[in-house]
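These notes are about the structure you will find just below.
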Amino acid sequence: MEMTFGKYKGKTIKEVYRRNPSYFSWMKDNGMSNKPEYQEFIVTIPYEHPERFEWEVDIRSEYQCWKCKNIMNIFLMFNPEIENELRSGYPIISDLAYNKPKSLIPFAKEYGVHLEERYSKVTQSMYVMHICPHCKMHQGDNYVVEDNEQKTDLVRRMRIVFDNGIWREIR
Ligand SMILES: [Zn+2]
């Protein structure tokens, strides 16, 4: 999609973000968040540059490992700018499937969630996924992040940002 107005008219959303990342904050601050250009921005760019955006995180308990059947905590991420009706019941659809940055590994650990980069036969690639703390088996994002059909309990909800090389909670 190309911009239809303003000083970047004719440029793609990606190109505008590359040239001037704060342009979209400016749009939002000036009441233009309902424009299709802004809507396109929020559903694409945060997924390509997750460390440059704020995310909401739900830590949920009672997730059952497919291998050993013990329960574990999971770390689900949501784009705060997008309304998600499939966040609280089940199934749960969360964001950044197959696409979590490695910088989240030490942060999730602080909340008792073991993430690790492992090879997936499903995607035939390496990505950061949940690891069962009991049997160390990985749990694919297709079951945990993309389409989670288990009944789990919300333990904690927070907003996070990547700042000076580490993720931290915004209070
Ligand atoms: Zn297990």
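Rule-based calculations on the coordinates, nothing more; no lab input. Only a predicted model underlies this, so the values are computations on that prediction, with no experimental measurement involved. Heads up, the Cβs are rebuilt from the backbone with ideal geometry, glycines too, and the neighbour counts pull from every protein chain shown.
Think of it as helices only: each DSSP H run of n ≥ 4 in the chain is worth -39500 (n - 2.57), and spread over all residues that comes to -5000 deg cm²/dmol at 222 nm.
For a quick protection proxy, order the peptides 121-127, 74-80, 33-39 by their average other-Cβ count within 10 Å, most packed first.
74-80, 33-39, 121-127
In terms of the Cα gyration tensor, with a ≥ b ≥ c the square roots of its eigenvalues, is the range 31-120 rounded because a/c is under 1.5, prolate because a/b exceeds b/c, or oblate? Since a/c reaches 1.5 and a/b is larger than b/c, the shape of the range 31-120 is classed as prolate.
Would you kindly calculate the mean projected area, averaged across all directions, of the convex hull enclosing the Cα atoms of the chain, in square nanometres?
10.9
Could you line up R60, R157 from fewest to most neighbouring Cβ atoms inside 10 Å?
Exposure proxy ranking, most exposed first: R157, R60.
Axis of helix 36-48 versus longest Cα principal axis of the chain: the two differ by about 40°, to the nearest ten degrees.
Take 24-30, 91-97, 145-151 and order them by the average number of nearby Cβ atoms within 10 Å per residue, most first; the result is 91-97, 145-151, 24-30. The charge dipole of the chain, taken about the Cα centre with unit charges on the Cβ atoms of Lys, Arg (+1) and Asp, Glu (-1), comes to about 380 debye, rounded to the nearest 20.
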